[in-house]
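Visitor: Take this structure, written in structure tokens, and hold onto it; I'll ask about it next.
The values are calculated or read from the model by the stated rules, or taken from the named source; none is laboratory data. A quick note: this is a predicted structure, and the numbers were derived from the prediction, not measured. All Cβ positions, even for glycine, are placed from backbone atoms using ideal geometry, and neighbour counts span all protein chains on display. Heavy atoms of the whole protein, side chains included, go into the accessibility calculation; ligands, DNA and RNA do not. Shrake-Rupley method; radii C 1.70, N 1.55, O 1.52, S 1.80 Å.
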Amino acid sequence: MTHIPNPLHADATRAIAKVAELSGENIHQCMQCGTCSAVCPMVDSMGFTTRKGIHLLQFGRTEEVMRAQIGEFCASCHTCVVRCPRGIDVPRVFEAVRLLALRDNVDLIKPGEIPEETMAEAPQIAFVSTFRKLTS
């Protein structure tokens, strides 16, 4: 029997395994139907669609997904999970990518750069949840 080599680089394979470990999801089950992108209320705020994000992750391209900050924009409404024909928990996948970014000690928001007016007007719970989600 002929051995078919894995076309993915070893680093990409490790990245895919890390996302699977953190999220508990098999991103290779995604058939790229686009339903997740069609129902996502935040898709216009993201660097690209959720479908493209999953597609990039299937090839281990986590850095591109981190730069698009899909995990930060996800509203965790879980509409994509309900509609996904394969039952993939898409928010969990992007949460895993966000955690990978934070493990690299990349703060996605700098508390010292928040304007004084915003600090005075915004509810404190908004700051707490934002700092927990976007800083390491």
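Visitor: Are any of the residues in the stretch 58-73 closer than 25 Å to SER129 by Cα, touching a Cys at 6+ places or on another chain (Cβ under 9 Å) and polar (S, T, N, Q)?
Guide: No: zero hits.
Visitor: Only helices (runs of 4 or more DSSP H) wholly contained in the stretch 29-132 count here; list those with 1 or more residues that are open to solvent by 70 Å² or more (accessible area, probe 1.4 Å), among the basic types (Lys, Arg) and under 24 Å from LEU8 (Cα atoms). Give the derivation first.
Guide: On the way: elements: 35-39, 50-58, 62-68, 70-73, 79-83, 90-103, 116-121.
Where helices (runs of 4 or more DSSP H) fall fully within the stretch 29-132 and carry at least 1 residues being open to solvent by 70 Å² or more (accessible area, probe 1.4 Å), among the basic types (Lys, Arg) and under 24 Å from LEU8 (Cα atoms), they are 50-58, 62-68, 90-103.
Visitor: Restricting to the stretch 42-100, what's the tally of residues that are free of Cβ contacts under 8 Å to residues at least 12 places away in the same chain and closer than 17 Å to LYS18 by Cβ?
Guide: Total meeting the criteria: 3.
Visitor: Does SER37 count as hydroxyl-bearing (Ser, Thr, Tyr) and either out of contact with any helix residue (DSSP H, G or I) (no Cβ under 8 Å at 6 or more places or on another chain) or modelled with pLDDT under 90 (or both)?
Guide: no
Visitor: Residue under question is VAL106, and the condition is that it be on the phi < 0 side of the Ramachandran plot and at pLDDT 90 or above; does it hold?
Guide: So VAL106 does not fit the description; no.
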